[in-house]
Amino acid sequence: MHRVRSIAEVQTAIDQAKSGATDYCTNLFATPARLQAWVDADELSLWSAPGAVHLLRREEDFHHWYFAAANRETLRATASAHPALQSEPIVTDLVGPPPSVDAMRPIIETSGFRPYARLQRLSRIGAPTFPDQSGATTTTIDWASAADLEAVHELLRASFNRHAEQLPSRTDLAAAIASRQVLAARVPGVAIAGFLHFETQGASSTVRFWVVSPRSQGLRLGAALLRQYFCTQSTARRFTLWVNAKNNGAIEKYLHYGFKPDGLIDDVLANSRIPHENHP
């Protein structure tokens, strides 16, 4: 494997994998901007073989595995020959409708991976209404600032499974804060009582992470954050998010605001070097 120095390297390797493909398969859906950020952070390594390319993205003490292959058998053969897939702690994602994910999962499992978590995508068209204006108001909500970075990062790490949910790094969070993509909830005596991190592109907006700290539960801060989010993203028409399929409490909240499953899932698989975890 070698470190990737430009996204052109990635695109060239993908084009080679696609050439003559009979059943092209991939789990790499990162935008060029996201790929460039990984390259700039020196996080991306590439290993190619005839008909396939494999990428590892380093994240602290483990890696994310991405692949592109001409067909499933080529993926199976090249993954089995990839030395790092067994020697390093690695997770990977299979995204799509359940039938296609179910068909791909055995191929990944033959390389020593096991099911780790399942996320499902929820979506809604248009912003919901908020008839209940009692409790916390949007005056408790403002844009997160650079001074909030560590508090936001700490709450993020305490609230979500880092192996399953692709948490942003401090650098990513800093960029999101600078771009006004993080709303913060504040109460007296608490640095950050909650936050909502989102990404908007054109008419589509995605809620990345929405959380209120345990000590601030019951203050209706979650509703206030969501209300302010929809207010600031008034030009968006479609809203999406990913949620752990076992997190019934979070799913109930999203359903309450009109989100519904849209048929896409994300099965996260991990190799034996990733420990089993009990985590939200």
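Only one of (1) more than 25 Å from residue 98 (Cβ to Cβ); (2) outside any strand (DSSP E or B) is not met by residue 185, so which one is it?
Checking residue 185 against (1) more than 25 Å from residue 98 (Cβ to Cβ); (2) outside any strand (DSSP E or B), the one that fails is (2).
Residue-by-condition table, conditions (1) assigned by TED's automatic domain parsing to the domain that holds residue 9; (2) in contact (Cβ under 8 Å) with a residue 60 or more places away in the chain:
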residue	(1), (2)
52	yes, no
56	yes, no
59	yes, yes
63	yes, no
68	yes, no
72	yes, no
77	yes, no
80	yes, no
94	no, yes
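Can you tell me which residue is nearest to residue 66 (Cα to Cα) among those in segment 104-150 that are at pLDDT 95 or above and small (Gly, Ala, Ser)?
117
Within segment 207-223, can one find any residue that is in a loop (DSSP other than H, G, I, E, B) and within 15 Å of residue 143 (Cα to Cα)?
Scanning segment 207-223, I find no residue that is in a loop (DSSP other than H, G, I, E, B) and within 15 Å of residue 143 (Cα to Cα), so the answer is no.
When segment 1-20 is examined, which residues are found to be in contact with a Gly (Cβ under 9 Å, 6 or more places away or on another chain) and either under 21 Å from residue 166 (Cβ atoms) or exposed (fewer than 15 other Cβ atoms within 10 Å of the Cβ) (or both)?
Those that are in contact with a Gly (Cβ under 9 Å, 6 or more places away or on another chain) and either under 21 Å from residue 166 (Cβ atoms) or exposed (fewer than 15 other Cβ atoms within 10 Å of the Cβ) (or both): 19, 20.
Are any residues in segment 61-80 of a type in the set (A, V, I, L, M) and not in a helix (DSSP H, G or I), and if so, which ones?
68, 69, 70
Out of everything in segment 11-26 that is within 16 Å of residue 51 (Cβ to Cβ) and in a helix (DSSP H, G or I), what residue ends up being farthest from the chain's Cα centre (by Cα)?
That would be 16.
Determine if segment 151-162 includes at least one residue that is hydrophobic (A, V, I, L, M, F, W, C), in contact with a Lys or Arg (Cβ under 6 Å, 6 or more places away or on another chain) and either part of a loop (DSSP other than H, G, I, E, B) or assigned by TED's automatic domain parsing to the domain that holds residue 246 (or both).
no
Looking only at residues that are over 19 Å from the mean Cα position of the chain (by Cα) and at pLDDT 95 or above in segment 27-46, which one is surrounded by the fewest Cβ atoms within 10 Å (Cβ to Cβ)?
Among residues in segment 27-46 that are over 19 Å from the mean Cα position of the chain (by Cα) and at pLDDT 95 or above, the one surrounded by the fewest Cβ atoms within 10 Å (Cβ to Cβ) is 45.
Scan 101, 10, 39 and give me the residue that is aliphatic (A, V, I, L, M), in contact with a strand residue (DSSP E or B) (Cβ under 6 Å, 6 or more places away or on another chain) and in contact (Cβ under 8 Å) with a residue 24 or more places away in the chain.
Within the list 101, 10, 39, the selection yields 101.
Identify all residues within segment 228-280 that are of a type in the set (Ser, Thr, Tyr), within 22 Å of residue 205 (Cβ to Cβ), in contact (Cβ under 8 Å) with a residue 60 or more places away in the chain and not in a helix (DSSP H, G or I); write none if there are none.
234, 240, 257
The values are calculated or read from the model by the stated rules, or taken from the named source; none is laboratory data. In this text the structure is predicted, and so the values were computed from the model without any measurement. Note that each Cβ is placed from the backbone with ideal geometry, even for glycine, and that neighbours are counted across all protein chains shown.
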